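Visitor: Here it is, the structure, as C-alpha coordinates.
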Amino acid sequence: MADETGTDRPRYLKIADELKSAIERGEYAPGDRLPGENVLAPRYGVAVMTARRALRVLTNQGLAESRKGAGFFVQAFSPIRRRGIQRLARDQWGAGKSIWSADEDRPLAVDRVTVEEVVPPAHIISMLELGEGETTCARSRRFVLAGRPVMLATSYLPYALVAGSAITQADTGPGGTYARLADLGHAPVHFREEIRGRLPTTEEAAALGMSLERPVLKVCRTAFDAAQRVVEINEMTLDSASYVLDYEFDA
(Lines give C-alpha, C1' and ligand atoms only; values in the text may rest on other atoms or scores of the structure.)
Protein backbone atom coordinates (compact mmCIF):
# COMPACT_ATOMS: atom_id res chain seq x y z
CA MET A 1 0.00 0.00 0.00
CA ALA A 2 1.47 3.36 -1.05
CA ASP A 3 0.66 6.64 0.65
CA GLU A 4 -0.09 9.93 -1.11
CA THR A 5 3.64 10.56 -1.58
CA GLY A 6 4.00 7.30 -3.48
CA THR A 7 6.05 5.59 -0.76
CA ASP A 8 5.07 2.44 1.09
CA ARG A 9 3.47 2.94 4.47
CA PRO A 10 5.26 1.29 7.40
CA ARG A 11 3.83 -2.13 8.18
CA TYR A 12 2.74 -1.15 11.68
CA LEU A 13 0.54 1.59 10.19
CA LYS A 14 -1.02 -0.89 7.75
CA ILE A 15 -1.88 -3.19 10.66
CA ALA A 16 -3.28 -0.27 12.65
CA ASP A 17 -5.38 0.79 9.65
CA GLU A 18 -6.85 -2.71 9.30
CA LEU A 19 -7.70 -2.90 13.00
CA LYS A 20 -9.23 0.58 12.85
CA SER A 21 -11.40 -0.47 9.90
CA ALA A 22 -12.48 -3.61 11.78
CA ILE A 23 -13.50 -1.47 14.78
CA GLU A 24 -15.44 0.91 12.54
CA ARG A 25 -17.22 -2.05 10.88
CA GLY A 26 -18.31 -3.26 14.30
CA GLU A 27 -16.23 -6.43 14.29
CA TYR A 28 -14.91 -5.30 17.66
CA ALA A 29 -17.41 -3.58 19.93
CA PRO A 30 -16.57 -1.07 22.69
CA GLY A 31 -14.88 -2.96 25.50
CA ASP A 32 -13.88 -5.95 23.33
CA ARG A 33 -10.35 -7.28 23.59
CA LEU A 34 -8.26 -6.77 20.47
CA PRO A 35 -5.88 -9.40 19.08
CA GLY A 36 -2.64 -9.20 21.04
CA GLU A 37 0.82 -8.65 19.65
CA ASN A 38 1.57 -12.40 19.81
CA VAL A 39 -1.47 -13.02 17.58
CA LEU A 40 -0.86 -10.13 15.20
CA ALA A 41 2.86 -10.80 14.68
CA PRO A 42 2.47 -14.23 12.98
CA ARG A 43 -0.76 -13.17 11.26
CA TYR A 44 1.02 -10.34 9.45
CA GLY A 45 4.50 -11.85 9.38
CA VAL A 46 6.05 -9.07 11.44
CA ALA A 47 8.10 -8.80 14.62
CA VAL A 48 6.29 -8.63 17.94
CA MET A 49 7.57 -5.08 18.42
CA THR A 50 6.01 -4.06 15.09
CA ALA A 51 2.65 -5.51 16.15
CA ARG A 52 2.90 -3.77 19.51
CA ARG A 53 3.61 -0.49 17.77
CA ALA A 54 0.43 -0.92 15.69
CA LEU A 55 -1.62 -1.34 18.84
CA ARG A 56 -0.01 1.75 20.34
CA VAL A 57 -1.15 3.73 17.29
CA LEU A 58 -4.74 2.82 18.15
CA THR A 59 -4.32 4.02 21.73
CA ASN A 60 -2.79 7.28 20.51
CA GLN A 61 -5.80 7.75 18.23
CA GLY A 62 -8.14 7.19 21.17
CA LEU A 63 -9.60 4.02 19.63
CA ALA A 64 -8.15 1.56 22.14
CA GLU A 65 -6.87 1.42 25.68
CA SER A 66 -4.14 -0.68 27.24
CA ARG A 67 -4.85 -2.54 30.46
CA LYS A 68 -1.79 -3.68 32.32
CA GLY A 69 -1.40 -7.45 32.11
CA ALA A 70 -4.62 -7.87 30.12
CA GLY A 71 -3.88 -6.46 26.66
CA PHE A 72 -5.56 -3.90 24.42
CA PHE A 73 -9.29 -3.22 24.34
CA VAL A 74 -11.57 -1.13 22.14
CA GLN A 75 -12.18 2.17 23.87
CA ALA A 76 -15.47 2.03 25.76
CA PHE A 77 -15.34 5.61 27.07
CA SER A 78 -17.93 7.84 25.42
CA PRO A 79 -16.34 11.22 24.59
CA ILE A 80 -17.69 14.35 26.23
CA ARG A 81 -19.60 16.60 23.84
CA ARG A 82 -18.41 20.04 24.93
CA ARG A 83 -21.11 22.52 23.92
CA GLY A 84 -19.03 25.64 23.50
CA ILE A 85 -21.91 28.11 23.07
CA GLN A 86 -24.59 26.82 25.44
CA ARG A 87 -22.28 26.18 28.38
CA LEU A 88 -21.29 29.85 28.69
CA ALA A 89 -24.80 31.32 28.46
CA ARG A 90 -25.77 33.50 31.42
CA ASP A 91 -28.98 31.53 31.96
CA GLN A 92 -26.70 28.59 32.75
CA TRP A 93 -24.33 29.92 35.44
CA GLY A 94 -26.70 32.79 36.32
CA ALA A 95 -29.25 30.21 37.46
CA GLY A 96 -26.70 28.59 39.77
CA LYS A 97 -25.91 25.72 37.39
CA SER A 98 -22.45 24.41 36.65
CA ILE A 99 -21.39 25.13 33.07
CA TRP A 100 -20.40 21.46 32.93
CA SER A 101 -24.08 20.47 33.18
CA ALA A 102 -24.61 21.89 29.68
CA ASP A 103 -22.24 19.20 28.40
CA GLU A 104 -22.86 16.11 30.51
CA ASP A 105 -25.36 14.22 32.63
CA ARG A 106 -22.61 11.91 33.86
CA PRO A 107 -21.22 12.78 37.31
CA LEU A 108 -17.99 14.73 37.22
CA ALA A 109 -15.29 14.71 39.89
CA VAL A 110 -12.94 17.63 40.44
CA ASP A 111 -9.68 16.95 42.24
CA ARG A 112 -6.21 18.42 42.72
CA VAL A 113 -7.78 21.77 43.48
CA THR A 114 -5.45 24.61 44.42
CA VAL A 115 -6.37 28.26 44.93
CA GLU A 116 -3.55 30.71 45.56
CA GLU A 117 -2.42 34.28 45.07
CA VAL A 118 0.38 34.29 42.50
CA VAL A 119 2.34 36.49 40.16
CA PRO A 120 1.15 34.94 36.88
CA PRO A 121 3.17 34.20 33.72
CA ALA A 122 4.07 37.19 31.57
CA HIS A 123 1.42 36.49 28.91
CA ILE A 124 -1.32 36.43 31.58
CA ILE A 125 -0.08 39.74 33.01
CA SER A 126 -0.36 41.22 29.52
CA MET A 127 -3.82 39.75 28.81
CA LEU A 128 -5.21 40.96 32.16
CA GLU A 129 -3.44 44.32 31.76
CA LEU A 130 -2.00 44.08 35.26
CA GLY A 131 0.31 46.72 36.64
CA GLU A 132 3.73 46.10 38.16
CA GLY A 133 3.47 44.03 41.34
CA GLU A 134 -0.21 43.11 40.82
CA THR A 135 -1.13 39.50 41.47
CA THR A 136 -3.83 37.06 40.42
CA CYS A 137 -6.01 34.48 42.06
CA ALA A 138 -4.99 31.25 40.31
CA ARG A 139 -7.55 28.44 40.49
CA SER A 140 -6.17 25.10 39.27
CA ARG A 141 -8.07 21.82 39.12
CA ARG A 142 -8.34 18.47 37.34
CA PHE A 143 -11.60 17.09 35.96
CA VAL A 144 -12.28 13.35 36.10
CA LEU A 145 -15.16 11.46 34.48
CA ALA A 146 -15.83 7.75 35.15
CA GLY A 147 -12.40 7.46 36.74
CA ARG A 148 -10.69 8.95 33.67
CA PRO A 149 -8.87 12.32 33.89
CA VAL A 150 -10.15 14.39 30.98
CA MET A 151 -9.06 17.99 31.53
CA LEU A 152 -6.69 20.25 33.45
CA ALA A 153 -7.63 23.90 33.96
CA THR A 154 -6.13 27.00 35.55
CA SER A 155 -8.09 30.24 35.81
CA TYR A 156 -6.40 33.57 36.50
CA LEU A 157 -8.40 36.50 37.89
CA PRO A 158 -7.07 39.90 39.08
CA TYR A 159 -6.60 39.43 42.81
CA ALA A 160 -7.59 43.00 43.61
CA LEU A 161 -10.93 42.31 41.92
CA VAL A 162 -11.80 39.07 43.75
CA ALA A 163 -10.06 39.45 47.15
CA GLY A 164 -12.35 38.47 50.02
CA SER A 165 -14.89 36.73 47.75
CA ALA A 166 -15.72 33.04 47.42
CA ILE A 167 -13.60 32.99 44.27
CA THR A 168 -10.56 32.77 46.52
CA GLN A 169 -11.99 29.61 48.15
CA ALA A 170 -11.99 26.06 46.78
CA ASP A 171 -15.80 26.00 46.61
CA THR A 172 -17.13 29.07 44.84
CA GLY A 173 -20.79 28.13 45.40
CA PRO A 174 -23.76 27.77 42.98
CA GLY A 175 -23.01 28.99 39.47
CA GLY A 176 -19.27 28.96 40.07
CA THR A 177 -16.78 31.71 39.36
CA TYR A 178 -18.96 33.57 36.85
CA ALA A 179 -21.87 33.84 39.26
CA ARG A 180 -19.51 35.21 41.91
CA LEU A 181 -18.09 37.74 39.44
CA ALA A 182 -21.69 38.85 38.84
CA ASP A 183 -22.10 39.29 42.60
CA LEU A 184 -19.08 41.60 42.49
CA GLY A 185 -20.59 43.67 39.67
CA HIS A 186 -18.34 42.19 36.98
CA ALA A 187 -20.55 39.59 35.32
CA PRO A 188 -19.01 38.24 32.10
CA VAL A 189 -20.94 39.49 29.07
CA HIS A 190 -18.59 38.34 26.33
CA PHE A 191 -16.23 35.38 25.88
CA ARG A 192 -13.49 34.48 23.44
CA GLU A 193 -12.00 31.00 23.11
CA GLU A 194 -8.84 30.09 21.22
CA ILE A 195 -8.18 26.42 20.48
CA ARG A 196 -4.90 24.85 19.46
CA GLY A 197 -3.61 21.29 19.24
CA ARG A 198 -0.19 20.04 20.30
CA LEU A 199 1.48 17.10 22.00
CA PRO A 200 1.33 17.14 25.81
CA THR A 201 4.19 17.95 28.11
CA THR A 202 5.45 15.18 30.37
CA GLU A 203 3.59 16.73 33.31
CA GLU A 204 0.32 17.08 31.37
CA ALA A 205 0.47 13.49 30.10
CA ALA A 206 1.10 12.18 33.62
CA ALA A 207 -1.76 14.21 35.12
CA LEU A 208 -4.16 13.07 32.40
CA GLY A 209 -2.93 9.47 32.41
CA MET A 210 -2.34 9.54 28.66
CA SER A 211 0.37 8.83 26.13
CA LEU A 212 2.93 11.46 25.23
CA GLU A 213 2.12 10.65 21.60
CA ARG A 214 -1.57 11.61 21.73
CA PRO A 215 -2.36 15.29 21.17
CA VAL A 216 -4.07 17.53 23.67
CA LEU A 217 -6.38 20.42 22.89
CA LYS A 218 -5.32 23.72 24.43
CA VAL A 219 -8.30 26.01 25.02
CA CYS A 220 -7.74 29.55 26.27
CA ARG A 221 -10.91 31.38 27.30
CA THR A 222 -11.02 35.11 27.97
CA ALA A 223 -14.01 36.56 29.86
CA PHE A 224 -14.93 40.26 29.54
CA ASP A 225 -17.29 42.29 31.72
CA ALA A 226 -19.67 45.03 30.50
CA ALA A 227 -16.85 47.57 30.56
CA GLN A 228 -14.80 45.23 28.32
CA ARG A 229 -12.38 44.59 31.14
CA VAL A 230 -10.78 41.14 31.08
CA VAL A 231 -11.90 39.53 34.33
CA GLU A 232 -10.67 35.97 33.79
CA ILE A 233 -8.24 33.96 31.68
CA ASN A 234 -8.89 30.22 31.79
CA GLU A 235 -6.22 27.95 30.28
CA MET A 236 -7.46 24.38 29.72
CA THR A 237 -5.71 21.21 28.58
CA LEU A 238 -8.08 18.57 27.19
CA ASP A 239 -7.29 14.97 26.30
CA SER A 240 -8.21 15.00 22.61
CA ALA A 241 -9.59 11.44 22.82
CA SER A 242 -12.01 12.46 25.60
CA TYR A 243 -13.75 15.37 23.87
CA VAL A 244 -15.85 16.37 20.89
CA LEU A 245 -16.00 20.17 20.57
CA ASP A 246 -19.55 21.13 19.58
CA TYR A 247 -20.34 24.69 18.40
CA GLU A 248 -23.96 25.20 17.35
CA PHE A 249 -25.33 28.66 16.56
CA ASP A 250 -27.76 30.41 14.24
CA ALA A 251 -26.62 31.96 10.97
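Visitor: If a paramagnetic tag sat 7 Å from the Cα of VAL189 along the Cα-Cβ line, which residues of the stretch 220-251 would have the backbone N under 18 Å from that point?
Guide: Taking a point 7 Å out along Cα→Cβ of VAL189, the residues of the stretch 220-251 whose backbone N falls under 18 Å are 222-232.
Visitor: If you roll a 1.4 Å probe over the heavy atoms of the protein chains, what accessible area per residue do you get for the chain, in Å²?
Guide: Computed with neighbouring chains in place, this is 52 Å² per residue.
Visitor: Enumerate the aspartates and glutamates that LYS97 could reach by cross-link, defined here as Cα to Cα under 16 Å, with residues fewer than 8 away along the same chain left out.
Guide: The reachable aspartates and glutamates, counting only those whose Cα sits under 16 Å from LYS97, are ASP105, ASP171, ASP183.
Visitor: Tell me, how many Å apart are the Cα centres for the stretch 57-90 and for the stretch 26-50?
Guide: 21 Å
Visitor: In nm, give the distance between the simple-model label positions of ALA207 and ARG112, each being 7 Å from the Cα along the Cα-to-Cβ direction.
Guide: 0.5 nm
Visitor: Accessible area of the stretch 13-98 with a 1.4 Å probe: how many percent of it is carbon plus sulfur? Let's see the in-between values first.
Guide: Values: 2250 of 4570 Å².
Summing carbon and sulfur atoms, their accessible area is 49 percent of the total for the stretch 13-98.
Visitor: Which value in nm describes the separation of the simple spin-label points at ARG229 and SER98, placed 7 Å from the Cα toward the beta carbon?
Guide: Result: 2.9 nm between the two label points.
Visitor: Hey, got the dipole for the stretch 131-207? About the Cα centre, +1 on K and R Cβ, -1 on D and E Cβ, debye to the nearest 20?
Guide: On the way: 8 positive and 8 negative charges, 64 e Å.
Dipole magnitude for the stretch 131-207 comes out near 300 debye.
Visitor: The list [x] 173; [y] 134; [z] 117 gives values of volume of the Cα convex hull per residue in Å³, and only one came from this structure; which label was calculated from it?
Guide: It is the one labelled [x].
Visitor: Under a cut-off of 16 Å between alpha-carbon atoms, report the aspartates and glutamates in cross-link reach of LYS218, not counting same-chain residues fewer than 8 places apart.
Guide: Within the straight-line cut-off, LYS218 pairs with GLU193, GLU194, GLU203, GLU204, GLU235, ASP239, ASP246.
Visitor: Give me the aspartates and glutamates in straight-line cross-link reach of LYS14: C-alpha distance below 13 Å, same-chain residues under 8 apart excluded.
Guide: ASP3
Visitor: Kindly state, to the nearest 0.05, the FRET efficiency for SER140 paired with ASN38, given R0 = 30 Å and r defined as their beta-carbon distance. Please report the intermediate quantities before stating the final value.
Guide: Working: r = 43 Å, r/R0 = 1.42.
The calculated FRET efficiency here is 0.10.
Visitor: Given points 7 Å out from each Cα along the Cα-Cβ axis, report the CYS220 to ASP8 separation in nanometres with one decimal.
Guide: Each label point is offset 7 Å from its Cα along the Cβ direction, giving 4.5 nm.
Visitor: Also, quick follow-up: Amide H to amide H, which residues 5 or more places from TYR243 or on other chains are under 5 Å from it, using H placed in the peptide plane?
Guide: When sequence neighbours closer than 5 places are left aside, the close amide H contacts are ILE80.
Visitor: Just to verify a number: FRET efficiency for ALA166 and ASP246, C-beta to C-beta distance, R0 = 35 Å, to 0.05?
Guide: E(calc), rounded to 0.05, equals 0.70.
The values are calculated or read from the model by the stated rules, or taken from the named source; none is laboratory data. Because the structure is a prediction, the values reported are computed rather than measured. All Cβ positions, glycine included, derive from the backbone under ideal geometry; neighbour counts span all protein chains shown. Just the protein is used for accessible areas: all its heavy atoms, side chains included, with ligands, DNA and RNA removed. Shrake-Rupley method; radii C 1.70, N 1.55, O 1.52, S 1.80 Å.
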